[in-house]
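I have placed the structure first, in the form of structure tokens, so that the comments after it can refer back to it.
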Amino acid sequence: MALACHENLISLGEVYQVLRMGPTYWLNRQEHLCSCGAPAHQCEFWQPVLTKMRSLDIIEPTKPSYYPDAYSALLGQFAKLYSSEYQPIDTSKGIKHLKLLAGSDTIDAKALFLIRDVRSYASSQARLARSQPRKGLKKVKGHYWYQMLRWLTDNKKRESLLKELALPFRTIGYEPFCFNPSQTLDNVYEFLALPKVPSHENMKQSTHHVLFGNPMRNCDKRKSEIRYDDRWFSETKYMLPAALMPTLMQYNQARVYAKL
Ligand SMILES: [Zn+2]
């Protein structure tokens, strides 16, 4: 949402989730609005994309060629509608989607790897687990050490996947982003080879066609809405596992708070 405030970036939301349902589903869903305010069959971006997919018989998500063909129809329309200075943002998060983009000869994708402080992550996951009734082994999810190890394993897996796919990526710490969004966004713009926005006051215009994903609001509101959940600041339960797992804490420091 914050990225789409750059005037050369246009958010298309979770593209993979839109494609997964097939073009007919969205064209018939008149009550569901795109973030531009129009339903899919009237949206200046999705209407031509979905219609083109149907006319080229790109309608069956189980076919192996479906997603590459659908992405190519989508990017073709993007190029037609916007000049080459613009780049689309796809907020899809799945592994399948990353593999698809990395495997394409025609898509020049870059990934942003957002990683949150392990103490904040463990605190919210443990809190969530404890609020749900669990029995037996599943009770382990309420423990900080379990959540911290899970954070490490999952992030290492994601990182090696990105490396294995040879997808250019940049790691973004969630905490530096929340506490210093301007600096973090400038780093991302540099990674995306975009012109720096001289002043963030100028980021009022934003183009988006989000059919699936977080709804967009205007940039002014969005900036003031970056709010950090700091409940873990007053907790102490992460301290013992943190002291016992120094390598994990070094990984946390290196990834979340790296000087870019
Ligand atoms: Zn739209």
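The values are calculated or read from the model by the stated rules, or taken from the named source; none is laboratory data. Keep in mind the model is a prediction, meaning the values are calculated, not measured. Cβ atoms come from the backbone with ideal geometry, glycine included; neighbour counts cover every protein chain shown.
Based on this model, can you work out whether HIS6 counts as within 21 Å of the chain's Cα centre (by Cα) and either modelled with pLDDT of 95 or more or under 22 Å from TYR189 (Cα atoms) (or both)?
yes
Counting only residues that are under 25 Å from the mean Cα position of the chain (by Cα) and part of a helix (DSSP H, G or I), which one in region 28-62 is nearest to the ligand (Cβ to nearest atom)?
Only one residue fits best here, namely TRP46.
Hey, among the residues in region 223-260 that are assigned to a loop (DSSP other than H, G, I, E, B) and among the aromatic types (Phe, Trp, Tyr), which one's farthest from THR184 (Cα to Cα)?
Once the filter is applied, the top-ranked residue is TYR238.
On the basis of being on the phi < 0 side of the Ramachandran plot, assigned to a loop (DSSP other than H, G, I, E, B), modelled with pLDDT under 95 and buried (at least 17 other Cβ atoms within 10 Å of the Cβ), does LEU194 make the cut?
In short, yes.
Run down TYR82, TYR71 and say which single residue is away from the ligand (no atom under 15 Å from the Cβ) and over 15 Å from LEU27 (Cβ atoms).
TYR71
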